[in-house]
Every structure is written in structure tokens, then in C-alpha cells.
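Here is the structure we will look at, set down as C-alpha cells.
The values are calculated or read from the model by the stated rules, or taken from the named source; none is laboratory data. Predicted model, so just to flag it, every value in this text is computed and none were measured. Methodologically, a virtual Cβ is constructed for each residue, glycine included, from the backbone with ideal geometry; neighbour enumeration extends over all protein chains shown.
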Amino acid sequence: MPLKFGSESVSHVNCLRVSADVVNSRGQRATGWGETPLSVTWAWPSGTLSYETRYEAMVAFCKYAAESFVEVNESGHPMEIGHVFLAERLPSVLEVFNKSHSTEPMPYLAALIVVSAFDIAIHDAYGNLHQIDIYDTYNSEYMTHDLSHYFHSSPEADQFQGLFPSDFLQSQPLFKVPVWHLVGGLDPLEESDKRDTDPKDGYPVTLTEWIKSDGLRCLKIKLKGTDSQWDYQRIVKVGAIALATGVDSLSVDFNCTVQTPEYVNEILDRLKEEQKQIFDLILYVEQPFPYDLDANQIDVSSLSARKPLFLDESAHDWKFIELGRQLGWTGVALKTCKTQTGALLSLCWAKAHSMPLMVQDLTNPMLAQIPHVRLAAHAGTIRGVESNGMQFYPEASAPEQRIHPGIYQRRNGELDLSTLSGSGFGYRLSEIERKLPQFTKISEKQSRNI
């Protein structure tokens, strides 16, 4: 199924997979893996450049990221390595890259997606090096610095002294996680909406089929943000199906296309007056406004007074969450495609300020799905995790699904993480029979400097 994404539709995706070698002071080595879909339309909306031009630029940036990571020559916990790279290296690397390309500048968010695969691979490698689950290392035993080190530029940094990410993570992570289904703008809702061009591959097509097949209870509705009547009617249609099928949670996602809070306020007010039951099902509103928060400092308090308002594309790191909170945003949607390091720091800052969390999908397939769902299991979200790779390319993850069926199939409205085990992210990589294309390798000398 194609995915309607803002002003564009997505019918295919390419993934970046990274292998990172790390070495400790005793010469012991380990390898870790990270992966992310290069979601061009999400990270780099453009009215002038073609998809191919933007995609090729992101691929070219992969080499810049690889070389830059090894040049940093930083040592320590992955949080420390990732933080140094994000704070001190990435802005200048992106600036150099953009100067050397004649297209419009690549946004920071697109660069961050690329970097996330490297960052995740280093976290996985560190866990493998110590033969421990990576989530058991986010504490004083393994980390040199407490959180005040990472938040030093905030006037509130002192409140994080002596605290580590483990202090903000769930002490008993979930093995079964409620899962959200994405209702794309092109998705047929009922049998009468089916088209001759819809896939005939044995998987559900309509929303009602998906709800029945997967036992869904949570639906995220993609909207246009530029046509209030269409958006309202779409919410009403999906909401009516939700009420008829036992779905108990909705969210609405405008994908950064709205210019003023009044646009969303009017839709919510109309829903409250005309469709109160549907209005009550909406748990939160996701990122209606342009994601460059610095350039678009909109007071959103009138909207967040109506429903919780979650930062997504804007939540690059904790500094933007700090700014967003000042503008009236109330919650944060975490994504591992903004790096594991950045997601954990954002999580800690948000929780310290009583901001509710969600973990949102980037339509993660294959290995990318595992750090994604693990973050949700440890984060303590408002309600589970969004996971929609099985809607749009279920066969892409077939080798991983044979080892972890509950992570790549939604059953009874949940994902089952109980098959994950071992060190790092618990991929059980040696058991996954996936044939990979030839890798681009860096030199042995460089790889030892990670």
C-alpha cells in the first residue's frame, strides 16, 4: 500500500544498515548493528526537489557520517560518544556537506536519520562488548557522566546531578506492548472504498479488515493540514469505525502542514460539539506545525488546552523540547531515527518535567524495528508504540519475523517482545538468515578509532 505522507505519497523505501566495530583498552573487540529507513518525505519535505534528488543526497551523506564518526576518535559509553558527535561534530559536518552540494540544503532532521544508524550500531556494539543488555548500561556503573553533564547548558542542569537515564526508565519493561495502526490518507476504510489498484497479496487492505485481523485498539489518523473539511470528515469516518469496532484510542497527525493553532482548534471544537464520543477517543494531537521550532515559535497553548499536543519532527533533542514546553507543547513523541542517544536524553528531560511520552514509528522494517520497540517498552509511554511496517511492507521483514514473530506481527492489539534476548539490543542476529548486499567498508585503522 502506498502511504500518503503530507503532500507526497510513498511507495518504496531504502534502508541504511551500519556495522560498527568497537575496541576497549584491553584490545577486546565487538561488533554492533544499526539500521534505519531513509525516510526522505518525512525528514526532507520539498516543493522543488524530486524524491530521487533528496534520496541521493541522503545516501551521499552516509559516507560523510561514516568518516566523521571515526574521525571523532572519542572513547567511553555510547551516550558519551553519541553526545559529543551530535553536539560538536554533526552541525559542522552538515554545513560542509551542504556547501559541497548545489541542491537546497539538507535539513538537520534528514542528517539525523542517517546518523541514527551509526549511533544505534555503537550502542549495540557496546552491549555486545560487555555481554550485557544495552539497557542495563544506562547507569552509574557504566557511564562516566551523570545527566547534568549532558544538560549543562540548561539553567535546570543542577537538578540532574547524580541522575542517569536508568532513573527515568521503567524498572520492569513491558514484554507485551499496545500497538498503534497508522491510517494513511489513501487507505481505504471499508469494503466500499476498495479500488482495483489495491494490492491482492493476502494481507488486509481496508481499515476494518486490519482491526479484525490484528485486534487493533489504537489508531493514528494521518491528515492533510491544508483542507479542514477533508480532515474533519476523515476523523469522523475513522472515528465511527473505531466506535463500532471497540477501538478505544485515536490520535491525529497533521505532519507539519498547519500554519496556525486556529486550524486545529476549529476542528477539535467542532468534534466536541458534533461528535463528542469521537472527540473523547483522541488521546493527543501530533505535530501540526512546521518542524523548525526556532523559525516558527508559535504559541500553541490554546491548542494544548483542548488536547495534549506532542512534539515529533521538532523534537530533535532536549533543547527543542525545552523550547517547545515554553511555547505550550505538552508531550513528546520519541523516535530512534533521531538517534538512540538523543531519544534517551529527550526522554529524561521530558519525564523530569512531567511531559507524557509516545514512541512513534518511521515505518521501521527489519532490524530497525527492534531498537524502536525496545525504547517503547522502557519509556513508559502514554499508550504503547506505533508500529506500521507490517501494513506497508510486511514481507520485507520475513527473515527477522521467523525469529521474532511477535515484533513483526500485531496480535490482540499488541506486540510481543519476549523473543528478544542476549547482549546489545537482543537482535539474536546469528539466527536471522538475511542475505545482505555488499557493504561499504572503512579501513581497519579507522575502525579501531571508534
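Yes/no matrix, rows are residues, columns are (1) surrounded by 19 or more Cβ atoms within 10 Å (Cβ to Cβ); (2) outside any strand (DSSP E or B); (3) assigned by TED's automatic domain parsing to the domain that holds Ala125; (4) touching a strand residue (DSSP E or B) at 6+ places or on another chain (Cβ under 6 Å):
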{"residue": "Ala20", "(1), (2), (3), (4)": "yes, no, yes, yes"}
{"residue": "Arg26", "(1), (2), (3), (4)": "no, yes, yes, no"}
{"residue": "Trp33", "(1), (2), (3), (4)": "yes, no, yes, yes"}
{"residue": "Thr41", "(1), (2), (3), (4)": "yes, yes, yes, yes"}
{"residue": "Ser46", "(1), (2), (3), (4)": "no, yes, yes, no"}
{"residue": "Leu49", "(1), (2), (3), (4)": "no, yes, yes, no"}
{"residue": "Arg54", "(1), (2), (3), (4)": "yes, yes, yes, no"}
{"residue": "Met58", "(1), (2), (3), (4)": "yes, yes, yes, no"}
Which of (1) under 24 Å from Ile382 (Cα atoms); (2) among the hydroxyl-bearing types (Ser, Thr, Tyr); (3) touching a Leu at 6+ places or on another chain (Cβ under 6 Å) does Tyr150 not meet, given it meets every other one? (1)
For the list (1) surrounded by fewer than 20 Cβ atoms within 10 Å (Cβ to Cβ); (2) at pLDDT 95 or above, I need the number of the one condition that Asp294 fails. (2)
When you go through (1) more than 29 Å from Gly328 (Cα to Cα); (2) more than 25 Å from the chain's Cα centre (by Cα) one by one for Gln277, which number turns out not to apply? (1)
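A quick yes/no check of all residues on (1) buried (at least 17 other Cβ atoms within 10 Å of the Cβ); (2) in the same structural domain as Val385 (by TED's automatic domain parsing); (3) assigned to a strand (DSSP E or B); (4) not acidic (Asp, Glu):
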| position | (1), (2), (3), (4) |
| --- | --- |
| Thr197 | no, yes, no, yes |
| Tyr203 | no, yes, no, yes |
| Leu216 | yes, yes, no, yes |
| Lys220 | yes, yes, yes, yes |
| Thr226 | no, yes, no, yes |
| Gln229 | no, yes, no, yes |
Residue count, region 198-234, condition of a type in the set (A, V, I, L, M) and over 20 Å from Asp253 (Cβ atoms), comes to 1
Within region 318-342, count every residue that is basic (Lys, Arg) and surrounded by fewer than 24 Cβ atoms within 10 Å (Cβ to Cβ). 2
If you scan region 343-387, which residues turn out to be surrounded by fewer than 23 Cβ atoms within 10 Å (Cβ to Cβ), touching an Asp or Glu at 6+ places or on another chain (Cβ under 6 Å) and within 24 Å of Ser249 (Cα to Cα)? none
Mind checking which pairs have a first residue in region 49-78 that is under 19 Å from Pro107 (Cα atoms) and a second that is assigned to a helix (DSSP H, G or I) and at pLDDT below 90, Cβ under 9 Å, 6 or more apart or different chains? Ala66/Gln446
Could you count how many residues in region 11-57 are within 21 Å of Ser314 (Cα to Cα) and among the β-branched types (Val, Ile, Thr)? 3
Would you check if there is a residue in region 158-178 being over 19 Å from the mean Cα position of the chain (by Cα) and closer than 30 Å to Met58 by Cα? no
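Going through region 107-138 one residue at a time, which ones are polar (S, T, N, Q) and in a helix (DSSP H, G or I)?
Within region 107-138, Ser116, Asn128 meet the criteria.
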If you go through region 180-192 one residue at a time, do you hit one that is touching a residue at least 12 places away in the same chain (Cβ under 8 Å), over 30 Å from Pro45 (Cα atoms), assigned by TED's automatic domain parsing to the domain that holds Ala87 and in a helix (DSSP H, G or I)? no
What tally of residues in region 231-246 results from selecting those that are out of contact with any strand residue (DSSP E or B) (no Cβ under 9 Å at 6 or more places or on another chain) and assigned to a helix (DSSP H, G or I)? 8
Give the residues of region 241-269 that are of a type outside the set (A, V, I, L, M), crowded, with 18+ Cβ neighbours inside 10 Å and under 23 Å from Met358 (Cα atoms), sorted by residue number. Ser249, Ser251, Asp253, Phe254, Asn255, Cys256, Thr257, Pro261
For region 99-106, state whether one or more residues are among the polar types (S, T, N, Q), more than 29 Å from Glu414 (Cα to Cα), free of Cβ contacts under 8 Å to residues at least 12 places away in the same chain and not assigned by TED's automatic domain parsing to the domain that holds Leu417. yes
Is at least one residue of region 298-310 at pLDDT 95 or above and under 24 Å from Leu86 (Cα atoms)? yes
If you check Val258, Val300, Val264, Val285, which single one turns out to be within 18 Å of Leu219 (Cα to Cα) and touching a residue at least 12 places away in the same chain (Cβ under 8 Å)? Val285
Here the residues within region 270-306 that are part of a helix (DSSP H, G or I) and either outside the structural domain of Leu323 (by TED's automatic domain parsing) or under 20 Å from Pro356 (Cα atoms) (or both) are Phe279, Asp280, Leu281, Ser301, Ser302, Leu303, Ser304
Within region 424-435, identify whether any single residue is in a helix (DSSP H, G or I), in the same structural domain as Gly246 (by TED's automatic domain parsing) and buried (at least 24 other Cβ atoms within 10 Å of the Cβ), and answer yes or no. no
Can you tell me which of Ala125, Ala157 is more than 21 Å from Ala244 (Cα to Cα) and surrounded by fewer than 17 Cβ atoms within 10 Å (Cβ to Cβ)? Ala157
